[in-house]
1. Among the listed residues Glu170, Glu135, Glu144, identify the single one that is of a type outside the set (Val, Ile, Thr) and under 26 Å from Ile56 (Cα atoms).
2. Considering only residues of the stretch 16-26 that are closer than 21 Å to Ala201 by Cβ and open to solvent by 40 Å² or more (accessible area, probe 1.4 Å), which is farthest from the chain's Cα centre (by Cα)?
3. Which residues, counting only those in the stretch 99-113, are open to solvent by less than 60 Å² (accessible area, probe 1.4 Å), farther than 12 Å from Glu140 by Cβ and either touching a His at 6+ places or on another chain (Cβ under 6 Å) or in a loop (DSSP other than H, G, I, E, B) (or both)?
4. Being assigned to a loop (DSSP other than H, G, I, E, B), open to solvent by 20 Å² or more (accessible area, probe 1.4 Å) and closer than 18 Å to Ile93 by Cα is the filter here; which residues of the stretch 130-144 pass it?
5. For the stretch 48-98, how many residues are open to solvent by 50 Å² or more (accessible area, probe 1.4 Å), under 29 Å from Leu138 (Cα atoms) and either of a type in the set (Phe, Trp, Tyr) or part of a strand (DSSP E or B) (or both)?
6. Applying the selection to the stretch 155-164, what residues are assigned to a helix (DSSP H, G or I) and under 11 Å from the mean Cα position of the chain (by Cα)?
7. Out of curiosity, is Ala123 surrounded by fewer than 20 Cβ atoms within 10 Å (Cβ to Cβ), touching a residue at least 40 places away in the same chain (Cβ under 8 Å) and out of contact with any helix residue (DSSP H, G or I) (no Cβ under 8 Å at 6 or more places or on another chain)?
Amino acid sequence: MGNNILVETRSLTVDFLCGTTCLRALNHIDLTIQRGEFVSLAGVSGSGKTTLLNAIGGLITPTSGSILFNNIRFDSMSDEERTIFRRENIGLIFQNFNLIPSLNVFQNICFSAQLSKENITAAEVQKIAKQLGIEDKLTEMPAELSGGQQQRVAIARAMLAKPVLLLADEPTGSLDSINGRSLIQLLRNAVVRNKMSVLMATHNEEFASLTDRILHIEDGKIIAEESKR
């Protein structure tokens with residue numbers, strides 16, 4: 001495994017049992033993500049994008065195959081080890097935002113970083129909130145926000161913890177075209193500034209074309225790859 005490879009999956013397979021039927025969600029996927037690389041995962045709904053992100057993020061356990069993170073077997077860790085490792089290394093942006101309804105925007109943004117015992121200042125929170133256009137929402141509760149605003153809070157929360165790898169599931173899904181392009185640029189800046197790697201699932205061809213590399217997934221298989229560098 002090369003020194004510049006952050007994540008590598010080898011024959012990664014995930015099966016789900018639906019009644020008595022076994023459904024193959026991921027079918028022997030081999031991929032690599034380089035340090036400081038912005039990769040998009042493109043495919044229609046149901047193609048396996050979210051399952052692949054969840055497997056790489058340690059939220060589900062593969063049926064077979066392996067996931068190496070920084071040359072460490074991430075998939076074979078215990079649940080507790082995987083949780084700690086994920087907290088310290090991986091940022092997650094979910095489609096359903098996963099904000100804590102009892103915390104205001106400022107507290108939600110700080111949440112993941114505080115779990116990782118990061119020393120976060122109010123100025124850092126305000127800076128990233130301003131970049132995402134939610135600096136005037138910091139004292140509001142999630143229920144008071146629009147879907148697009150909630151999405152930006154979730155993105156700020158993931159990025160503030162400065163993960164080595166950011167996994168983003170349709171992060172532009174609740175944003176219009178202008179804000180979507182702004183978000184892609186924000187992620188691009190984070191890649192360059194923090195040497196962060198990003199794997200972003202999207203069905204938007206325009207946004208996918210703005211990343212370094214596109215992996216096309218269909219029926220749980222990587223069927224094509226395009227380099228945009």
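The values are calculated or read from the model by the stated rules, or taken from the named source; none is laboratory data. Just so you know, these numbers come straight off a predicted model, no measurement behind them. Note that each Cβ is placed from the backbone with ideal geometry, even for glycine, and that neighbours are counted across all protein chains shown. Protein only, heavy atoms only, side chains kept; ligands, DNA and RNA dropped before computing areas. Shrake-Rupley method; radii C 1.70, N 1.55, O 1.52, S 1.80 Å.
1. Numbers: Glu135 fails: under 26 Å from Ile56 (Cα atoms); Glu144 fails: under 26 Å from Ile56 (Cα atoms).
Only one candidate qualifies: Glu170.
2. Filtering the stretch 16-26 for residues closer than 21 Å to Ala201 by Cβ gives 16, 23-26.
Restricting the remaining residues to those that are open to solvent by 40 Å² or more (accessible area, probe 1.4 Å) gives 16, 23-24.
Details: Phe16: 22, Leu23: 24, Arg24: 22 Å.
Restricting to residues being closer than 21 Å to Ala201 by Cβ and open to solvent by 40 Å² or more (accessible area, probe 1.4 Å), the top hit is Leu23.
3. Ile100 - this is the single residue of the stretch 99-113 that is open to solvent by less than 60 Å² (accessible area, probe 1.4 Å), farther than 12 Å from Glu140 by Cβ and either touching a His at 6+ places or on another chain (Cβ under 6 Å) or in a loop (DSSP other than H, G, I, E, B) (or both).
4. Within the stretch 130-144, just Gly133 meets the criteria.
5. 1
6. As a first pass, look at the stretch 155-164 and keep what is assigned to a helix (DSSP H, G or I): 155-160.
The answer is Ile155, Ala158, Met159.
7. Values: surrounded by fewer than 20 Cβ atoms within 10 Å (Cβ to Cβ): yes; touching a residue at least 40 places away in the same chain (Cβ under 8 Å): no; out of contact with any helix residue (DSSP H, G or I) (no Cβ under 8 Å at 6 or more places or on another chain): yes.
In short, no.
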